[in-house]
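The values are calculated or read from the model by the stated rules, or taken from the named source; none is laboratory data. Predicted model only: the values in this text are computed from it and were never measured. Cβ sites come from the backbone with ideal geometry, for glycine too, and all protein chains shown count toward neighbours. In case anyone asks, the SASA skips ligands and DNA or RNA and just uses the protein heavy atoms, side chains included. Shrake-Rupley method; radii C 1.70, N 1.55, O 1.52, S 1.80 Å.
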Amino acid sequence: MVNKTFSEAAIVSGFPEFWGGRFPDAKVVPDDATVPLEQGRHDLVIHAFGLHWSDDPVGQLVQSRLALKPDGLFLAVFLGGQTLHELRASLAQAETEIRGGLSPRIVPMGEIRDTGALLQRAGFALPVADNLPLEVTYQSTLHLMRDLRAMGEGNALAGRSRNFTPKSVMLRACEIYEQVFRKSDGSVPATYELIFLTGWAPDANQPKPLRPGSAKARLADHLGTSEISLND
């Protein structure tokens, strides 16, 4: 949808081998705390599925912007705050029932209403944030948990419990999950919220918002209605 050709692309990802095999002409780097990209080198930077794991997402955005040439495009996709809400609710209820409290299990993730502001804080022009809920179905809750572990999306929180979760908690969580969320075909759904961020490195040729009060036409005239003055 972007009518522009890119010749110096960079991809920031925790899975560089995956992306490098699909974009052989791009520079692919790991999503370390210090992003190893040369400043002002690239006309496209893609941050692929890493921001929800970052301790400093704004820092990642700033470093990505600095790696862009003027009018270069930044594109990010990562998991948002509604991800796995079914699993969160089931685990919380099971652990509360059996252990009388909660332990950290799923990393906090950004909400769509906040992520656009992160782009502005990082200095991007024309920032846009959008989301897409993706529902995936599994044979059972245990199949979902197995898939998360295989994706490397397990519990990596520093404050997580260092002891094994009692079997009774996990079985009760599976029971709650399947009682509440099971579909009519017998499968269980899991929601992954994908958040997409786009922004541009500032450039003098980009569109600029008009100065407030500089309009030469009245909206009320176009709408065919009377304008009502408001008190200061």
Place a point 7 Å from Cα of Glu97 in the direction of its Cβ. Which residues in segment 176-216 have their backbone N less than 16 Å from it?
176-182
Selected from Leu148, Gly186, Ile46, residue furthest toward positive end of dipole (the chain; charges at beta carbon):
Leu148
Rounded to the nearest 10 Å², what accessible area does Thr225 show when all protein chains are kept and the probe is 1.4 Å?
80
With +1 at each Lys and Arg Cβ and -1 at each Asp and Glu Cβ, the charge dipole magnitude of the chain around its Cα centre, to the nearest 20 debye, comes out at 240
A student asked for the Cα radius of gyration and Dmax of segment 2-92 in angstrom ought to give 14.7, 48
Inter-label distance for Glu175 and Arg149, nm, one decimal - labels placed 7 Å from Cα along Cα-to-Cβ:
2.2
Considering only the chain, what is the antiparallel percent among its DSSP beta bridges, to the nearest 5?
60
Out of Ile228, Leu87, Phe74, whose Cα points farthest toward the positive end of the dipole of the chain (charges: +1 Lys, Arg; -1 Asp, Glu; placed on Cβ)?
Leu87
Cα convex hull volume per residue for segment 63-162 (Å³):
150
What distance in nm separates the simple spin-label points at Arg121 and Asn231, each placed 7 Å from Cα in the Cβ direction?
3.8
Kirkwood Rh and Cα-based Rg: tell me the resulting Rg over Rh for the chain, rounded to two decimals.
1.09
Rough spin-label spacing in nm, given labels placed 7 Å along Cα→Cβ, for Glu17 and Asp55:
2.6
What list of ³J(HN,Hα) couplings, whole Hz, do you get for segment 221-226 from phi and the Karplus terms 6.51, -1.76, 1.60, once you set θ to phi - 60° and write x for glycine and proline?
5, 5, 7, x, 9, 8
